[in-house]
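What follows is one structure encoded as structure tokens, with my remarks underneath.
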Amino acid sequence: MTENKNLLKPSRPVGIVGYGAYVPRYRLPAKEVARVWVGGRGTGLPIKEKSVPGLDEDVITMSLEATRNAMKRAGVDPAEIRAVWFGSESHPYAVKPTSTIVAEAIGAAPHVQAADMEFACKAGTEAMVMAMGMVGSGMGRYAIAGGLDTAQGKPGDALEYTAAAGGAAFVIGPADESLAVINAVYSYVTDTPDFWRREYQRYPEHGNRFTGEPAYFKHILAAGKILMEAMGAKASDYTWATFHQPNAKFPQRAASLLGFTPEQIEPGLLSPVIGNTYAGAAIIGLTSTLDVAKPGDRILMVSFGSGAGSDAFDITVTEKLLERRDKALKTQDYIARRTEIDYAMYARMRGKIAMK
Amino acid sequence: MEIARHWRLKEQRYNLTGTVCTKCGEKSFPPRRVCPKCGSETSAPFTFCGRGEVYSFTTIYEAPTGFNETAPYTVALVRLEEGLLVTAQLTDLGNDKPEIGMPVEMVTRRLRSDGDERGMLVYGYKFRPAVV
């Protein structure tokens, strides 16, 4: 194996000390969207159903619950956390950080860095890499990073079938305290206009089929391939893999093109039942995989964010997972907590009814 | 605009943090400077575990100003594991009917906007049916 200078590897080994997921209770079946907008034509629906946040939920409340779960597993003193970073494209405030509220509520304030990330669906892994840098450089013992969204989709648009709510948070810390060691990361970023939302616009725009080959597949495949080559690994060396999942089909095809089997991506493939949680999509696949992984298992995670870029992570599970896994609700506990709603209730809950 | 009040109350609202009397151990929520049991003026912060059960409840259909966005909603008296009664909204009921004795757990949720959609967002405790 030749050392790839483009890999992101801190000089001090780091890993995941604690992890937590969150998915809201409500579900909108894709066939409901089809009923309202395309006369019920239900063939080729991208997923079965998507999660919808309650009337009193937003990225701040969801980030807080995911972080509390991560802190329960990590069992670390909140006063030792030196950064709280959350990625999202649906932060409730345009100006005022989500991260300050989370930091205050978990007891990490005031001796802490806090900021919100934005890089479409890869803002969560962007925050994780920053946390690795902080811990790996010795600037802080622990840093919290996460990605969650209450994703927007224009009524009737293809995105409305999938734009969902949820995500995950991680306590990043020294490798010898970690339940999963992050061996290395590789990031692959270009200027690709596949999806965006301009300032003051409620809903994003996208390039339809342009979001596939030149955007999602190009970046995911390049990031995954280059990382695996640099690590001297092939798909069969990993026990599990999880990818950004804007629908059910894309991550399955990306996995197949990289040489992974359907069994390897099964625990992390959540988009069919919760939709696309945007900044949370790849990383909630990771929490769901960690919920079933065994010590020694190796995991490949590749995120994708429009604009565009991918972060690929090479992760190895340690013995510490077994003693920490059951200390908080698991990803599937939230998925099983399911109440189906119709399009009318969804329209109210997502603020799509003009009141003034 | 009541930003100073919301800021002052954030600790108790985010985490259900009250006080414990350092003399007799009596726990209070909201926080009390003087112990209602022994009269001591020395107390320490105490964060309640957030688990409890519904003691009584009512459903609000005509909500006061600031709360109509989420109406109808259910307000409950929750008996915490530590023995205190706390008044709070129930959330995430889905299709569940609230019941006396229902096990609930604390979550931090958006309570309301301070004023209109330009005002600060106020977050605080609510209770949902215990997930597992």
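The values are calculated or read from the model by the stated rules, or taken from the named source; none is laboratory data. Computed from a prediction, not measured in an experiment: that's the story for all the values here. When we count neighbours, we look across all protein chains shown, and the Cβ atoms used for this are built from the backbone with ideal geometry, even at glycine.
Here are a few things to note about the model shown:
- In the set (1) touching an Asp or Glu at 6+ places or on another chain (Cβ under 8 Å); (2) hydroxyl-bearing (Ser, Thr, Tyr); (3) under 26 Å from A:Arg25 (Cα atoms), the condition left unmet by A:Thr162 is number (1).
- Counted residues, region B:70-85 - those being within 19 Å of B:Arg112 (Cα to Cα) and crowded, with 16+ Cβ neighbours inside 10 Å: 5
- The residues in region A:95-107 that are crowded, with 24+ Cβ neighbours inside 10 Å, more than 10 Å from chain B (Cβ to nearest Cβ) and among the aliphatic types (A, V, I, L, M) can be counted, and the count is 1.
- Screening the candidates A:Asp333, A:Asp342, A:Asp297, A:Asp326 for the property of being in contact (Cβ under 8 Å) with a residue 60 or more places away in the chain and surrounded by fewer than 19 Cβ atoms within 10 Å (Cβ to Cβ) yields one hit, A:Asp342.
- Some residue of region B:117-131 being out of contact with any Phe, Trp or Tyr (no Cβ under 7 Å at 6 or more places or on another chain), closer than 24 Å to A:Thr331 by Cβ, facing another protein chain (nearest Cβ under 10 Å) and of a type outside the set (D, E, K, R): yes
- Hits in region B:5-32 (condition: surrounded by 14 or more Cβ atoms within 10 Å (Cβ to Cβ) and hydroxyl-bearing (Ser, Thr, Tyr)): B:Tyr14, B:Thr17, B:Thr19, B:Ser28
- Qualifying residue in region B:33-44 (condition: surrounded by 17 or more Cβ atoms within 10 Å (Cβ to Cβ) and within 17 Å of the chain's Cα centre (by Cα)): no
- Within region A:78-94, the residues that satisfy the criterion of being over 15 Å from the mean Cα position of the chain (by Cα) and either part of a helix (DSSP H, G or I) or within 12 Å of chain B (Cβ to nearest Cβ) (or both) are A:Pro78, A:Ala79, A:Glu80, A:Pro92, A:Tyr93, A:Ala94.
- Residues located in region A:1-53, provided they are more than 30 Å from A:Leu179 (Cβ to Cβ) and among the small types (Gly, Ala, Ser): A:Ala30, A:Ala34, A:Gly39, A:Gly40, A:Gly42, A:Gly44
- Residue, surrounded by the most Cβ atoms within 10 Å (Cβ to Cβ), within region A:40-66, restricted to residues that are of a type in the set (S, T, N, Q) and at pLDDT 95 or above: A:Ser63
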